[in-house]
């Protein structure tokens, strides 16, 4: 669905390129977690992906079409939920009436269903400016999911949500996903999203440290207490003793610990790359 084809991009000459000859493929039917350190380029990648920034070299395409052309048929199939946003001084009904025509598959029925998941009620006359930040985020995300675009891209979507609302967000993702869609979630709050992802992409500027499915991770890395003789890729000290990300033994399968996987990729990128490019 999306291809980053040897792109190079930098904000100015003084700081140099953030991306150089960067390539990445993202496919429909997956909920991606995009992870990286502060300054690794996650938000920039999103803006390149949505055509808001132009690479100095290379191109980003969606189904073979350069997204920077911002053609109506492309833009109507992409929705971005940025980390920070402002909503106009309108009612929910007015906001939907003005913005939904840009998205041919928008569904008012879906919008109401997603508002129900967020326990926002059915009053479409609510004024957006009168809502709390968390409530504004719920309305905006309900609208985003109701557009039914094939690509839904979210930057730190759980920021500003309380614990029950984060659970509701996870339900929203599982309800709104299908095989024709691509969802990409860029976040530092890995514990908020680990149960809804099926693919993880870890970047460090021009390097793709990991881009693979959860099933592949589970078959190759175990996340568990350390045993004698283990050679861990990463060790986490816990109150119950050291935990490790370890090369999985034949038939060994554990739940993916996204935080440990991320740290393993940062600390041992060569080992991770060898592990996931070598067939068992």
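Read-outs: derived from the displayed coordinates by stated rules, not from any lab. Owing to the predicted nature of the structure, the values given are computational and were not obtained by experimental measurement. All Cβ positions, glycine included, derive from the backbone under ideal geometry; neighbour counts span all protein chains shown.
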ask   = By how many degrees, between 0 and 90 and to the nearest 10, does the Cα long axis of helix 258-267 differ from the longest principal axis of the chain?
value = 60
message = What distance in nm separates the two pseudo spin-label positions at residue 97 and residue 191, each 7 Å out from Cα along the beta-carbon direction?
response = 4.4
key: For the chain, calculated [θ]222 nm from helices alone, where every DSSP H run of n ≥ 4 adds -39500 (n - 2.57)   = -9000 deg cm²/dmol
Ranking of 24, 226 by count of other Cβ atoms within 10 Å, fewest first = 226, 24
note = Taking alpha-carbon centroids only, segment 68-138 lies from segment 212-254 a number of Å equal to 41
message = What percent of all Cα-Cα pairs in segment 113-197 falls into each 10 Å bin, going from 0 up to the bin containing the maximum distance?
response = 16, 54, 27, 3
task = Compute the separation of the alpha-carbon centres of segment 191-211 and segment 33-52 and state it in Å as a whole number.
result = 11
ask   = So what are segment 63-143's ellipsoid semi-axes, whole angstrom, largest first, if each one is the square root of 5 times an eigenvalue of the alpha-carbon gyration tensor?
value = 25, 14, 12
Stokes-Einstein diffusion coefficient of the chain, Kirkwood radius over Cα pairs, 37 °C, 0.692 mPa s, in µm²/s = 163
inquiry  = Looking at the chain as a GNM with Cα springs under 10 Å, which of 30, 99, 263 has the largest mean-square fluctuation?
reply    = 99
task = Name the most mobile residue of 192, 204, 125, meaning the one with the largest mean-square fluctuation, in a Gaussian network model of the chain with Cα contacts below 10 Å.
result = 125
Segment 214-277: C-alpha pair distances exceeding 20 Å, % = 17
Order of 129, 188 - criterion: other Cβ atoms within 10 Å of each residue's Cβ, fewest first = 129, 188
ask   = Pick from 251, 39, 176: which is most flexible by mean-square fluctuation in a GNM of the chain where alpha carbon atoms under 10 Å apart are linked?
value = 251
ask   = If you rank 208, 65 by fewest surrounding Cβ atoms within 10 Å, what's the result?
value = 65, 208
query = When only Cα pairs under 8 Å and 6 or more residues apart are kept, what is the percent relative contact order across the chain?
reply = 20
query = With each label point set 7 Å from Cα along the Cα-Cβ vector, what nm distance links residue 270 and residue 70?
reply = 4.4
